[in-house]
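To start, I am sharing the structure in question, which I have written as structure tokens.
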Amino acid sequence: KALEGSLDIKIEDLVFFYEKNNRKILDHLNITIPQGEKLAILGRSGSGKSTLASLIRGDLTPTSGNVQLANLSTEQMGDDISEYIGVIQQTPYLFHTTILNNLRIGNEQATIDAVWEVLRRVGLEKLVEELPDGLNTMVDEAGLRFSGGERHRMALARILLKDVPIVLLDEPTVGLDPITEQALIDTFFEQLTDKTIIWITHHLQGIEKMRHVIFIEDGQLEMSGTPEEL
Ligand code: ATP
Ligand code: MG
């Protein structure tokens, strides 16, 4: 779908509960995320952050209210939404195929030059160059050939190659050691400056790089402001 106007995300009166579960996970939530925004979403474990991410991505459907991208609901967008929103999760998935194929997922037309360019941008160029089969090296099942940090860099490279305008980071650095984590956060923000960033996290490291911070508690917006205000 060709979208008109800016790629703002509008969350309006959003209510969500899982079918088998009576508890309201999100309770009349309203958030507008303008194109280019750098938003951190904080909240306790279980507060509904990943659920919200799935709703923004259209992987879940609101119980009531809606989530819109450029004034189209996620239902109207359907699968086209993946042209606009990329996600990096805690454990990025790598497929049992070559590095090249892994990077071209969702973007089969990407040239070899473009692939090397994104590998350089995420700091994996040297590692791949030194592999015996280079880009044609097979990634082992579950991505065992890559460390946690490298796997995240692969996921970022995939997103950069696809050049989506909106990137959702769902606690992408959990479980990494602090130095790897900081290096990864730096790379994410350097490489994604022109994009909308929605960064779900449950600690404060790195939030000074964001323009807005919101806290979610009991399904509602508990606090919202700039990093300095909080
Ligand atoms: P964390 O910081 O631990 O990742 P979160 O804020 O991302 O937590 P969610 O994963 O969105 O929280 O979960 C919110 C609530 O919804 C939790 O109570 C969880 O148990 C419940 N929940 C999550 N996924 C499902 C599901 N598929 N079916 C039923 N309940 C679910
Ligand atoms: Mg979560």
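The values are calculated or read from the model by the stated rules, or taken from the named source; none is laboratory data. Because the structure is a prediction, the values reported are computed rather than measured. Because the Cβ atoms are built from the backbone with ideal geometry, glycine has one as well, and the counts that use them run over all protein chains shown.
Only one residue in Leu124, Leu55, Leu135 is within 16 Å of ligand 1 (Cβ to nearest atom) and either farther than 25 Å from Gln35 by Cα or at pLDDT 95 or above (or both). Which one? Explain how you work it out, then say what you get.
Working: Leu124 fails: within 16 Å of ligand 1 (Cβ to nearest atom); Leu135 fails: within 16 Å of ligand 1 (Cβ to nearest atom).
Residue meeting the stated conditions: Leu55.
Right, next: Note down all Cβ pairs under 7 Å where the first residue falls in the range 52-71 and is under 14 Å from Tyr84 (Cβ atoms), the second is assigned to a helix (DSSP H, G or I) and within 15 Å of ligand 1 (Cβ to nearest atom), and they're at least six residues apart or on different chains.
Note: pairs meeting the criteria are Val67/Leu55; Val67/Ile56.
Which residue is nearest to Ala114 (Cα to Cα), if the candidates are limited to the range 165-190 and must be more than 16 Å from ligand 2 (Cβ to nearest atom) and modelled with pLDDT of 95 or more?
Pro165
Take the residues in the range 60-91 that are buried (at least 17 other Cβ atoms within 10 Å of the Cβ) and of a type in the set (Val, Ile, Thr); name whichever of them is nearest to Phe188 (Cα to Cα).
Ile88
Residue by residue through the range 180-207, note down the ones that are among the β-branched types (Val, Ile, Thr), touching a helix residue (DSSP H, G or I) at 6+ places or on another chain (Cβ under 9 Å) and under 24 Å from Gly48 (Cα atoms). I'd like the intermediate steps shown before the answer.
Going through the range 180-207, the residues among the β-branched types (Val, Ile, Thr) turn out to be 180, 185, 187, 193, 196-198, 200-201, 207.
Among the residues that remain, those that are also touching a helix residue (DSSP H, G or I) at 6+ places or on another chain (Cβ under 9 Å) are: 180, 185, 187, 197-198, 200-201.
Within the range 180-207, Ile185, Ile197, Ile198, Ile200, Thr201 meet the criteria.
Within the range 171-183, does at least one residue satisfy the condition of being within 24 Å of Ile11 (Cα to Cα), within 16 Å of ligand 1 (Cβ to nearest atom) and either of a type outside the set (A, V, I, L, M) or in contact with a Pro (Cβ under 6 Å, 6 or more places away or on another chain) (or both)?
Start the filter on the range 171-183 by keeping residues that are within 24 Å of Ile11 (Cα to Cα), which leaves 171-172.
Still in the list and also within 16 Å of ligand 1 (Cβ to nearest atom): 171-172.
Of the ones still in play, those that are also either of a type outside the set (A, V, I, L, M) or in contact with a Pro (Cβ under 6 Å, 6 or more places away or on another chain) (or both) are 171-172.
Scanning the range 171-183, I find at least one residue that is within 24 Å of Ile11 (Cα to Cα), within 16 Å of ligand 1 (Cβ to nearest atom) and either of a type outside the set (A, V, I, L, M) or in contact with a Pro (Cβ under 6 Å, 6 or more places away or on another chain) (or both), so the answer is yes.
For Thr74, indicate whether it is hydroxyl-bearing (Ser, Thr, Tyr) and under 17 Å from Asp163 (Cβ atoms). Show your work before the answer.
Numbers: hydroxyl-bearing (Ser, Thr, Tyr): yes; under 17 Å from Asp163 (Cβ atoms): no.
No.
Same structure, new question: Where residues in the range 1-48 are of a type in the set (Gly, Ala, Ser) and more than 16 Å from ligand 2 (Cβ to nearest atom), which of them is nearest to Trp199 (Cα to Cα)? Spell out the reasoning first.
From the range 1-48, those of a type in the set (Gly, Ala, Ser) are 2, 5-6, 36, 40, 43, 45-48; that's our starting set.
Subset that is more than 16 Å from ligand 2 (Cβ to nearest atom): 2, 5-6, 36.
Details: Ala2: 26, Gly5: 23, Ser6: 20, Gly36: 13 Å.
Looking at residues that are of a type in the set (Gly, Ala, Ser) and more than 16 Å from ligand 2 (Cβ to nearest atom), I get Gly36.
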